[in-house]
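Colleague: I am attaching a structure below and will ask some questions about it afterwards.
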Amino acid sequence: MKEYQTTGRYILRYILTGIFAYLLFQIFYLCFYLLPSTADKTYKSIIFIFLVQSVFFAAATFSIMLVLISRYQKSKNASPYKTVYVITGDGKMKNRFLLQGRQSFIITGKTDGKEVFIEDYKKEVQDRYIYGVCNLIAGVWYIEAFPGSRALGIRKGGESIIYRLKEELPYRISGQDIIYAGTCKITMEQKYQEETG
């Protein structure tokens, strides 16, 4: 399904580019060759009508191309995940955090290390320990461990080893990765392809 959608988008872009190039050539030919060389007023009026139509369709095609490019850039920089889940040590979902429209979030916890929270990066955090921060850069999420004694770990998808994150060093988060903070696990739910465009 994903391959068909990608192929369809590329075909549409090629078709629009071809139509736009043809209309530009037609405008150039009508404006600089055919129109000046025609003496008959009736033919000139017909050629002028075709010229106006060509300009209109070229402008419309170019507008559609701009919209498609804008949507592509937006989807390219958007989060590939829609939700972050915090799961307790016994496998129960504690809370979730929606990622739509967000560029960052922080992983916090109580000072006793028994509870973990996902919070907005701009929110003031009081009486909480900060495990790390996650930032969205060009459509990819990265996680950095905050300086401190509390460990923040990550298990890459398909691996059995949990790696301890070095402080202030960004690590890329992939779809099947599990983040470990305190006694909790943190996972991300991936969007469906139709949602990502």
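The values are calculated or read from the model by the stated rules, or taken from the named source; none is laboratory data. Values in this document were obtained by computation on a predicted structure and should not be read as measured data. So basically every Cβ, Gly included, is an ideal-geometry build from the backbone, and we count neighbours across all protein chains shown. When the accessible area is computed, the model is the full protein with side chains, heavy atoms only, and any ligands, DNA or RNA have been set aside. Shrake-Rupley method; radii C 1.70, N 1.55, O 1.52, S 1.80 Å.
Colleague: Filter the range 178-194 down to the residues that are closer than 22 Å to GLU119 by Cβ and part of a loop (DSSP other than H, G, I, E, B), then identify the one that is modelled with the lowest pLDDT. First the steps, then the outcome.
Modeller: Within the range 178-194, the first condition is being closer than 22 Å to GLU119 by Cβ, and the residues that meet it are 178-191.
Retained after the next criterion (residues that are part of a loop (DSSP other than H, G, I, E, B)): 182-183, 191.
Details: GLY182: 83, THR183: 84, LYS191: 61.
Checking each candidate, the answer is LYS191.
Colleague: Report every pair of residues separated by at least 6 positions or lying on different chains whose Cβ atoms are under 7 Å apart, first residue within the range 29-41 and polar (S, T, N, Q), second open to solvent by less than 60 Å² (accessible area, probe 1.4 Å).
Modeller: THR38/ILE47
Colleague: Now, a different point. In the set PHE57, PHE62, PHE28, which member is at pLDDT 90 or above, open to solvent by 90 Å² or more (accessible area, probe 1.4 Å) and closer than 28 Å to GLY139 by Cα? Give the steps one after another, and end with the answer.
Modeller: Values: PHE57 fails: closer than 28 Å to GLY139 by Cα; PHE28 fails: closer than 28 Å to GLY139 by Cα.
So the residue among PHE57, PHE62, PHE28 that is at pLDDT 90 or above, open to solvent by 90 Å² or more (accessible area, probe 1.4 Å) and closer than 28 Å to GLY139 by Cα is PHE62.
Colleague: Report whether or not PHE62 is over 30 Å from ARG13 (Cα atoms) and among the aromatic types (Phe, Trp, Tyr).
Modeller: Working: over 30 Å from ARG13 (Cα atoms): no; among the aromatic types (Phe, Trp, Tyr): yes.
Here the answer is no, as PHE62 does not meet what is asked.
Colleague: Can I ask one more? Among the residues of the range 164-177, are any of a type outside the set (Val, Ile, Thr), at pLDDT 90 or above, in contact with a Lys or Arg (Cβ under 9 Å, 6 or more places away or on another chain) and part of a loop (DSSP other than H, G, I, E, B)?
Modeller: Yes, the conditions are met somewhere in the range 164-177.
Colleague: For the range 77-120, what are the residues that are over 13 Å from the mean Cα position of the chain (by Cα), open to solvent by less than 10 Å² (accessible area, probe 1.4 Å) and not β-branched (Val, Ile, Thr)? Can you show your working first?
Modeller: The first filter runs over the range 77-120 and keeps only residues over 13 Å from the mean Cα position of the chain (by Cα), leaving 83-98, 104-120.
Keeping just the survivors that are open to solvent by less than 10 Å² (accessible area, probe 1.4 Å) gives 83-84, 86, 105-109, 116.
Hits for the range 77-120 are PHE105, GLY109.
Colleague: Could you check, for the range 67-75, whether at least one of its residues is open to solvent by 70 Å² or more (accessible area, probe 1.4 Å), closer than 15 Å to PHE20 by Cα and under 35 Å from the mean Cα position of the chain (by Cα)?
Modeller: For the range 67-75, residues open to solvent by 70 Å² or more (accessible area, probe 1.4 Å), closer than 15 Å to PHE20 by Cα and under 35 Å from the mean Cα position of the chain (by Cα): present.
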